[in-house]
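Here the structure comes first, spelled out in structure tokens, and everything after it is commentary.
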Amino acid sequence: MVSTEELLVSVEGECGFADLSEERQAYWEAQIRCTNIPSLFTGHSRGLENLESLSQADLQQRISRDPLLSSKLLSVANSTRMGKVNPVRSVQKAISQLGLDLVLAIVLTYEMENDLQDGYPVSREVLHHIRNLASLSFAIAGIYARELRLPDGEAFCHAAMLSCVGSLLLAHTPKFDEATYLSFADEFQRLQYERSTWGVCVPTITQRMMEIWGLHEPVPLMVGSRHLPLLGPLPEGFSPMEAKQVCLLAAINALAHAYMAKQTITPEILLDRRNYLALKRNLLDHGMYVPVGRYWGQRSTETILRAAY
């Protein structure tokens, strides 16, 4: 009988879940089936269906029903970093002053914290990492989906939010070293570490999670492919729009990781680093390099990220 340690020995050349041995596939699928999907990730929990499509009035009503969420919103609205002089005392005024993008990021972060805090036998630090990375990625994806008028923008945003949830599975294994895993500011280094330690990386596991949990395409495809632009030229088979979306998701995830590590996060500096030359090349090849820089540089984007984090 093959031990867990033997199943987790590194294998070079992993490209997708189907490339794993039958034993490895069975191991990870068993882990997936033992992990309940966080209800927030389905978009069907706590009244979050089509959250990004809510009107200001509906959003105000939604927030006002929850005293803790209302308090969090007012706290952000009255913080010194928002530059407000006169105190904000109502949810309606807070939404008006902060703007819908920022408010949605705050709501999402709050809901994700509630959704992940129970039922997952991993440390608070790991859950905090997953929550922050997911909410930051969702916030950035929402901006790009709107500004670039991406088709099926809701699926794109969900793919960005879901891209790191597979880390829950790695955290359950005996080879998981929390201090090391959470120390990587560079997404490329994290991917290399995952592949060398477990023989598989989070996007590959997460794609299979999405398929088992019944999420429809294109979400599993985007989730499972968002790391490929970091590794070299995109493989054949992607349509022009799919290639743009996958490259954009890779950039979003990298920028979110860098932001969480409090690094300098302009795309020019991030993408000129040695490990990101492949991503930069793919962004250029598929027409995404200029939009990444253009919308990342907007002051509103930085404000959203500060509040979400």
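By how many nm would the segment from Glu154 to Glu125 grow when fully extended, if each residue of separation counts as 0.36 nm and the alpha-carbon distance is taken off?
That works out to 7.6 nm of additional length.
If I stretch the segment between Asp177 and Ser96 completely, what's the gain in nm (0.36 nm per residue apart, minus their alpha carbon distance), one decimal?
Fully extending the segment from Asp177 to Ser96 adds 24.8 nm.
Restricting to Cα atoms and excluding each atom paired with itself, what does the Kirkwood estimate give for segment 96-219 in Å?
The answer is 15.6 Å.
How big is the shadow of the Cα convex hull of segment 148-211, averaged over all directions, in nm²?
Average projection, Cα convex hull of segment 148-211: 5.2 nm².
Report the gain in length on full extension from Glu147 to Gln61: 0.36 nm times residue separation, minus Cα-Cα distance, nm rounded to one decimal. Each step should come with its number before you reach the end.
Details: separation 86, 0.36 × 86 = 30.96 nm, distance 2.68 nm.
Full-extension gain reported as 28.3 nm.
Only residues of segment 193-213 count here: report those whose backbone N is under 16 Å from the spot 7 Å along Cα→Cβ of Glu23, or say none.
Zone members listed by number: 198-200.
Rank these for me by crowding, His227, His216, His286, going from fewest to most other beta carbons within 10 Å. Each step should come with its number before you reach the end.
Working: His227 26, His216 9, His286 20.
Result, fewest neighbours first: His216, His286, His227.
Which value results when the Cα radius of gyration for segment 157-293 is divided by 2.2 N^0.38 Å?
Here the answer is 1.01, to two decimals.
In percent, what relative contact order does segment 119-270 have, based on Cα pairs under 8 Å that are 6 or more apart in sequence? Mind dumping the intermediate values first?
Values: 153 pairs, mean separation 39.5, N = 152.
Value for segment 119-270: 26 percent.
Kirkwood Rh, Cα Rg: Rg to Rh for segment 130-181? Before the final figure, lay out the partial values.
Working: Rg = 13.9 Å, Rh = 12.2 Å.
Ratio of gyration radius to Kirkwood radius: 1.15.
What ranking, highest mean first, results for peptides 218-225, 238-245, 91-98 when packing means the other Cβ atoms within 10 Å averaged over each residue?
218-225, 91-98, 238-245
Over what distance in Å are the Cα centres of segment 203-231 and segment 130-160 separated?
Their Cα centres are 15 Å away from one another.
Read-outs: derived from the displayed coordinates by stated rules, not from any lab. Everything quoted here is computed from the prediction, not taken from an experiment. Neighbour counts are summed over all protein chains in view; Cβ atoms, including those assigned to glycine, are modelled from backbone coordinates with ideal geometry.
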